[in-house]
């Protein structure tokens, strides 16, 4: 039997990882109070702009992709099938 | 043909291409050692050769140049030789000379393009790349790979022909083969632009990439990920820097593929889409065209080659060790392939441009260049594409974590791990110490990526993107991976062409049948009839009213008609006799004189 890593088989480890992750998010947002941004665009200096933009972009990406899937999804043998219609 | 004035050493392109010819003659360790020596020799030549024009020869009326060495070409030369070395290490256990020979010729072609000093040399090596790379797909030796290779070469032949037509028109207009900056105006430069755009995979000319790369061999895909698009980046930076159209094409190119990458099931196809997305950043930067932007494009090409090759190597390891490549069939591989997993995460962190990984130091230059040029919409698009990190997260997630597939595959052989380790090491090294890379960029660099503001902004963008990924994953909103394919622009030449085929079949074949009936059967008979009976009929047509006027009855008229026809049949017309007599008389006159 080969040696196996099982670190993420334990749900506690996953929870711990997520907790560290969420904590780092809070720290990152709080850093916005301390640092001074020299913004090229007016919105760059807004509090939490990058955090919001990152989050919103990703959610938008997923919802658009889900919509797009309806349009472009085909069976795996789509191109291999002989011409039927 | 004429005098060959070679400078120091041999052109790097020829080191690779001539070296490749010896591969089938060698065996075992000698072959491995010889192969690894080729990129080292080329690298040595690049280190020692001074800037300027080298390796010129004269063909017909033109001076051809195999070695234009300046700061722009030299850095591409470095990275192409470096990645050849790493890819060859990765491929050492492959027992297939076809892949070695074509891989080396392909790398040689890319180096030839990079150091070409004129358009003709550029075109020759451009085609060498197209042909050699096709064999890396064919070498998979499956039916779908053959079909993909066939489509791949057709697209590239078409792109090559565009380039050639553009070059011919350009030479005709300007009288020179000069391979330098061009204005996008007129048919010649547009054709050259389209030719380059095909290789750069600029939408809508991109689908060959996601169609062909996932069908290549394990090692072949690593070679493919490095050369074709990045040599096109080089040529684009050389010719069309500062072309506004490229800003927008590039920005779109960063955004569109990530939607596909989210939905795609085949891991190497996800990587192919994110490749297009990354080249979009470079194209956009070339379009912006400022010194910072061009530096950013070149630096990003350099870093991108390393981390993209690393990701393709990791995906290839998974494919080789498990025989599977779809997200739906993989998962939990970290348990038995921890090193591959680790390297894959480094590659993903680099492509996502996390601080202290290579993508960060190059991508920030491009995003900053857009900001300094006050391109607000472009900046927002680039940030959107940077924040959309799913394509980068999903490769390690679905392959190595996620749902446990129960597959317990071993780590790949040592040489593959070593190649991944080298690439991963360089990704981190460049990320932490960007100065050596900045030092060899085309223009002097006055840019500091590691300011507190930069790092915090980037981390906020990425970490909250990651948060979205986690939340969507945990809540089940994330679109499930499924066994399906997604149609892209290649639909037009894979499915749409069948409609065209039917149109051709129905339209042209019917036209053919009608033409045959009309021109092959009816027209000759008609013409023969006209030729035989036409004059007589005309005469009868015009003459019979006069006959009738002069009191001829129906019987007389019929007799007259017969007489006219007989006269024409025997060619004994009065006017014909007169003409014959006149001709005879003229001949006599001529003779007497």
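A few remarks follow.
- Residue check for residue B:513: loosely packed, with under 14 Cβ neighbours inside 10 Å, within 12 Å of chain A (Cβ to nearest Cβ) and more than 31 Å from the chain's Cα centre (by Cα): no
- The residue of the range B:430-441 that is surrounded by the fewest Cβ atoms within 10 Å (Cβ to Cβ), among those that are outside any helix (DSSP H, G or I) and touching a residue at least 12 places away in the same chain (Cβ under 8 Å), is B:440.
- Within the range B:583-593, no residue satisfies the criterion of being within 24 Å of residue B:535 (Cα to Cα) and modelled with pLDDT under 85.
- For the range A:64-79, the set of residues classified as out of contact with any strand residue (DSSP E or B) (no Cβ under 9 Å at 6 or more places or on another chain) and facing chain B (nearest Cβ under 8 Å) consists of A:64, A:65, A:66, listed by residue number.
- Those residues of the range B:14-35 which are exposed (fewer than 12 other Cβ atoms within 10 Å of the Cβ) and not in a helix (DSSP H, G or I), in sequence order: B:27
- Within the range B:396-414, being within 15 Å of residue B:86 (Cβ to Cβ) and crowded, with 16+ Cβ neighbours inside 10 Å holds for one residue alone: B:412.
- The residue of the range B:318-353 that is nearest to residue B:216 (Cα to Cα), among those that are under 26 Å from the mean Cα position of the chain (by Cα) and either without any contact (Cβ under 8 Å) to a residue 60 or more places away in the chain or assigned to a helix (DSSP H, G or I) (or both), is B:319.
- Failed item in (1) part of a helix (DSSP H, G or I); (2) in contact with a helix residue (DSSP H, G or I) (Cβ under 6 Å, 6 or more places away or on another chain), with residue B:94 passing the rest: (1)
- Meets criteria (in contact with a helix residue (DSSP H, G or I) (Cβ under 7 Å, 6 or more places away or on another chain), at the interface with chain B (Cβ under 8 Å from one of its Cβ atoms), closer than 26 Å to residue B:333 by Cα and without any contact (Cβ under 8 Å) to a residue 12 or more places away in the chain) for residue A:37: no
The rows are residues; the columns are (1) surrounded by fewer than 21 Cβ atoms within 10 Å (Cβ to Cβ); (2) modelled with pLDDT of 90 or more.
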{"residue": "B:12", "(1), (2)": "no, yes"}
{"residue": "B:37", "(1), (2)": "yes, yes"}
{"residue": "B:49", "(1), (2)": "yes, yes"}
{"residue": "B:53", "(1), (2)": "yes, yes"}
{"residue": "B:63", "(1), (2)": "yes, no"}
{"residue": "B:80", "(1), (2)": "no, yes"}
{"residue": "B:97", "(1), (2)": "yes, yes"}
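Condition check ((1) in the same structural domain as residue B:44 (by TED's automatic domain parsing); (2) touching a residue at least 60 places away in the same chain (Cβ under 8 Å); (3) within 25 Å of residue B:497 (Cα to Cα)) across all residues:
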| position | (1), (2), (3) |
| --- | --- |
| B:106 | yes, yes, no |
| B:120 | yes, yes, no |
| B:126 | yes, yes, no |
| B:129 | yes, yes, no |
| B:137 | yes, yes, yes |
| B:166 | yes, no, no |
| B:170 | yes, no, no |
| B:175 | yes, no, no |
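- Candidates A:61, A:18, filtered to the one that is within 8 Å of chain B (Cβ to nearest Cβ) and closer than 29 Å to residue B:369 by Cα: A:61
- Any hit, the range B:564-575, residues being at positive phi and modelled with pLDDT under 80: yes
- Residue within the range B:456-479 that is more than 30 Å from residue A:30 (Cβ to Cβ), at pLDDT below 85 and within 10 Å of another protein chain (Cβ to nearest Cβ) present: yes
- Filter result for the condition that a residue is surrounded by 24 or more Cβ atoms within 10 Å (Cβ to Cβ), free of Cβ contacts under 8 Å to residues at least 60 places away in the same chain and assigned to a helix (DSSP H, G or I), over B:229, B:254: B:229
- Taken over the range A:40-51, the criterion of being closer than 18 Å to residue B:454 by Cβ and either more than 7 Å from chain B (Cβ to nearest Cβ) or in a loop (DSSP other than H, G, I, E, B) (or both) is satisfied by A:40, A:41, A:43, A:44, A:45, A:46, A:47, A:48, A:49.
- Filtering the range B:44-69 to residues that are touching a residue at least 40 places away in the same chain (Cβ under 8 Å), within 20 Å of residue B:16 (Cβ to Cβ) and more than 26 Å from the chain's Cα centre (by Cα) leaves B:48, B:49, B:54, B:55, B:56, B:57.
- Filter pass, residue B:527 being modelled with pLDDT of 80 or more and surrounded by 15 or more Cβ atoms within 10 Å (Cβ to Cβ): no
- Residue that is within 14 Å of another protein chain (Cβ to nearest Cβ) and either within 26 Å of residue B:163 (Cα to Cα) or part of a helix (DSSP H, G or I) (or both), where the choices are B:262, B:222: B:262
The values are calculated or read from the model by the stated rules, or taken from the named source; none is laboratory data. It should be emphasised that the depicted structure is a prediction, and the values quoted were computed from it without experimental measurement. Every residue, glycine among them, receives a Cβ derived from its backbone with ideal geometry; neighbour counts consider all protein chains shown.
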